[in-house]
Amino acid sequence: MCYSMTGVGRASGIIKEPPIKFDVEIKSYNHRFLEISVKGPNTLLPFENEIRKYIQENVSRGHIIVVIQQDRDIFPSKVEVDRPLLEAYLKLAEEFKKNYKIRGSVDINTFLAIPGMMKFSQTQLNTKNIYHEFKPILEKSLEAFLQMKKKEGGNIAKDIKKSIDQIDDNCHNIEKLIPKRNENCKTHLLSLVKDYTKNLCEERFYQELFYNLDRSDVTEECKRLCSHLSIFRDSLENEDYPGRRLNFLLQEMQREANTLSVKANYLEISKAVVQIKEEIEKVREQVQNLE
């Protein structure tokens, strides 16, 4: 089953220590190669390469964007009081009252305004443990992402198969029309030469007829086109990431169709070739959306 180049997957979860909620979104757009962008909090910044590697193991092509959000700061500030400094100020205040007969009281605002009285620091947490708890959320998001890509890929494959069947039918119709085209060519040449000579050399006539039929023979082109269609179907049904191979096969199919168009020399064959080219173009647009 093939995968679409585009898709989106989301997942949310809460880790236990510290209790933080993470929201993960993975989405992708068409791209010739694999390009991964990770946008997340500083907490998970050291593990960006691991996240990229995990995505690479499951996706072959496309521009992948991973967005990670958390509901609060994972490194809360810690506040401490400089107790020796506080005790020194309290002792000094008591001495002022006792020795200098100073009246009044000291309130909390006075101490909060003293420089250095309050110390702020950040709690250091084990980021490896955080990432370990976060990983299942990422995996759940990726699973939803791949499921959507697979579903869309299946729908694209169905449309492509319809076009491939149309090309196959037209190819076989051309093969059936070849004898009729040859007979028509013979009749046409006979009508032309009858007006110019009464003594027709049949040997010379058939030599020219066979020469022209050989130059306009499309049997080999039909066989090669059918062979490309067979390989195309096999890749579409049995490969997970057939995009590049299908693009190459479409180029070969287009080449055979162009040759058929030049050598057709018959209205019904020309009509079939036009339909083949139309379906090839439809398939080309669809294949651009496959990995």
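Bear in mind that the values in this text are calculations on the coordinates, not laboratory data. Computed from a predicted model, the values in this text were never measured in an experiment. Positions of Cβ are backbone-derived with ideal geometry, glycine not excepted, and every protein chain shown enters the neighbour counts.
Values for this structure:
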{"read-out": "Positive-end residue of L142, V283, C171, charge dipole of the chain with Cβ unit charges", "value": "L142"}
{"read-out": "Residues K27, K176, sorted so that the one with the fewest Cβ neighbours within 10 Å comes first", "value": "K176, K27"}
{"read-out": "Whichever lysines have a C-alpha closer than 23 Å to that of K119, once near sequence neighbours (fewer than 8 apart) are set aside", "value": "K78, K91"}
{"read-out": "Highest to lowest packing among 285-291, 44-50, scored as the average C-beta count within 10 Å", "value": "285-291, 44-50"}
{"read-out": "Unit charges at the beta carbon, dipole of region 77-122: most positive-side option, I102, P115, L90", "value": "I102"}
{"read-out": "Rounded to 5, the percent of DSSP beta bridges in region 1-102 classed as antiparallel", "value": "75"}
{"read-out": "Tilt relative to the chain, helix 219-238 - C-alpha long axis, 0 to 90 degrees, to 10", "value": "20"}
{"read-out": "Dipole moment magnitude, nearest 20 debye, the chain about Cα centre, only Lys, Arg, Asp, Glu C-beta charged", "value": "1020"}
{"read-out": "When the convex hull of its Cα atoms is projected in every direction, mean area for region 30-187 (nm²)", "value": "17.4"}
{"read-out": "Size of the chain as Cα extents on the principal axes (Å, biggest first)", "value": "149, 31, 22"}
{"read-out": "Likely footprinting exposure, H63, H31, H228, fewest C-beta neighbours within 10 Å first", "value": "H31, H63, H228"}
{"read-out": "Cβ-derived FRET efficiency at R0 41 Å, M1 paired with N129, nearest 0.05", "value": "0.65"}
{"read-out": "Length released on extending from V106 to D71, taking residue separation times 0.36 nm less the Cα-Cα span", "value": "8.5 nm"}
{"read-out": "Nearest-20 debye value, region 77-122 charge dipole, Cβ charges on Lys, Arg, Asp, Glu", "value": "160"}
{"read-out": "Helix-only CD estimate at 222 nm, as mean residue ellipticity for the chain, using -39500 (n - 2.57) per DSSP H run (n ≥ 4)", "value": "-21000 deg cm²/dmol"}
{"read-out": "Using distinct alpha-carbon pairs, which all enter the 1/r mean, Kirkwood radius of region 77-122 in Å", "value": "11.8"}
{"read-out": "Dipole of the chain [Lys/Arg +1, Asp/Glu -1 at C-beta], most positive-end residue of I55, N258, T219", "value": "I55"}
{"read-out": "Residue of E95, E237, E221 that the Gaussian network model of the chain assigns the largest fluctuation, springs spanning Cα pairs under 10 Å", "value": "E95"}
